[in-house]
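The values are calculated or read from the model by the stated rules, or taken from the named source; none is laboratory data. As the structure is a computational prediction, the values presented were derived from the model and not from experiment. Neighbour counts run over all protein chains shown; Cβ positions are idealised from the backbone, glycine included. Just so you know, the surface numbers come from the protein's heavy atoms only, side chains and all, with ligands and any DNA or RNA stripped out. Shrake-Rupley method; radii C 1.70, N 1.55, O 1.52, S 1.80 Å.
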Amino acid sequence: MFQKITLLMLVLAVVSCQKKESVEKDKIKIADWLIGKWENTSPDGVLTENWEKLNDSTFSAASYFIKGKDTIHFESILLSQKGETLTYIATVKGQNDDKPVEFPSTAESDKQLVFENPKHDYPQKITYTKGANNTLTAEISGNLQGKPSAEKFVMTKK
């Protein structure tokens, strides 16, 4: 009898661990709509974000702003599922000693992703919103030099 109970508990433990693992890996799938090349062209230059899936738990992106022949801003991004939390990890060339900054998700849906890090200088909040007609709005916001600030970038899928 003891052996049967032990075997049953072992089987239950294995099954529950497998189910939890698959649920955890499924969380990043809510962000599948990010995958692709996104672009915003304005008189100031061209902003591009190119998102790709690296594996079951990580997406990566290169974000850059080009004016003429000059790259004004370059950022590498990882969107990683750590446990049950999606984390946006940004490394901006020339900022934060070129070290990555993490923004854990605070809200996720099939149309919007919100990431926040109140300890970061600026931005403290990053929001991606899926729009109609293959558009995406990226917004950064927070306090900049003690004053509320926000910037929106509407990009089109290419």
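Positive contributions from Lys and Arg (+1) and negative ones from Asp and Glu (-1), summed over other residues with Cβ under 10 Å from the Cβ of A138, come out at -2.
Here Y122 and A62 are evaluated by their C-beta separation; at R0 = 25 Å the FRET efficiency comes out at 0.75. Taking the 1.4 Å solvent-accessible surface of the stretch 69-158 as the whole, the part contributed by carbon and sulfur is 48%. When the pairs K27/K93; K29/K147; K29/K125; K69/K119; K53/K147; K82/K158 are compared against a 32 Å limit on Cα-Cα distance, K29/K147; K69/K119; K53/K147 fall above it. Extending 7 Å from the Cα toward the beta-carbon at both N134 and T71 defines two label points whose distance is 2.5 nm. Taking square-rooted eigenvalues a ≥ b ≥ c of the alpha carbon gyration tensor, is the stretch 41-158 rounded, prolate or oblate, where a/c under 1.5 means rounded and, failing that, a/b exceeding b/c means prolate? It comes out rounded by the Cα gyration axes.
If you average the C-alpha positions of the stretch 118-158 and of the stretch 67-91 separately, how far apart do those two centres end up, in angstrom? The two parts, judged by their Cα centres, are 13 Å apart.
For the stretch 40-158, the solvent-accessible area with a 1.4 angstrom probe is 59 square angstrom per residue. Rg over Rh for the stretch 85-147 works out to 1.01, both radii taken from alpha-carbon positions and Rh defined as the Kirkwood radius.
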